[in-house]
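The values are calculated or read from the model by the stated rules, or taken from the named source; none is laboratory data. Values in this document were obtained by computation on a predicted structure and should not be read as measured data. Quick reminder, even Gly has a Cβ in these numbers, built from the backbone with ideal geometry, and neighbours come from all protein chains shown. Each accessible area value is taken on the protein alone, full model and side chains, heavy atoms only, with ligands, DNA and RNA left out. Shrake-Rupley method; radii C 1.70, N 1.55, O 1.52, S 1.80 Å.
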Amino acid sequence: QVQLVESGGGLVQPGGSLRLSCAASGSIFKISAMGWYRQAPGKQRDLVAAITNGGSTNYVDSVKGRFTISRDYVENAVYLQMNSLKPEDTAVYYCNTSPLPVTDKRGNDYWGQGTQVTVSS
């Protein structure tokens, strides 16, 4: 059974930090590259950070140097450390397999509930 549970979001002032966590099903976590996606109001959901099974990471330009993705094989977890947050980072953040989301038995994209990050003074 697919499971993705995100947590750690909240309200933070510009320049602040947050650490997001994602608990993933072992069946998908151990064989997949994982990523963090975000979706701002009125915009599409985009991949912002990804990590392979070998630990290689990639980031979109807008978060490079500020965000760090990591994964823990014991906990089946993926993390996103976000520093120097900006108002434009405000979005709902989701974790999933990368570069495409995991699908359920019917072939539909599966997403967890996400976690809201709001950067505002």
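List of remarks:
- Residue separation of residue 100 and residue 56 scaled by 0.36 nm, minus their Cα-Cα distance, works out to 14.2 nm of gained length.
- Placing +1 on each Lys and Arg Cβ and -1 on each Asp and Glu Cβ, with no other charges, gives the chain a dipole about its Cα centre of roughly 60 debye.
- The residues of the chain present an accessible area of 53 Å² per residue when probed at 1.4 Å with all protein chains retained.
- Mean separation of Cα contacts under 8 Å, 6 or more apart, over the residue count of the chain: relative contact order %: 36 percent
- Nitroxide proxy distance, nm - points 7 Å out along Cα→Cβ at residue 72 and residue 7: 1.1 nm
- Using all pairs of distinct alpha-carbon atoms, the Kirkwood hydrodynamic radius of the chain works out to 14.3 angstrom.
- Highest average packing first - 27-35, 103-111, 90-98, Cβ atoms within 10 Å: 90-98, 27-35, 103-111
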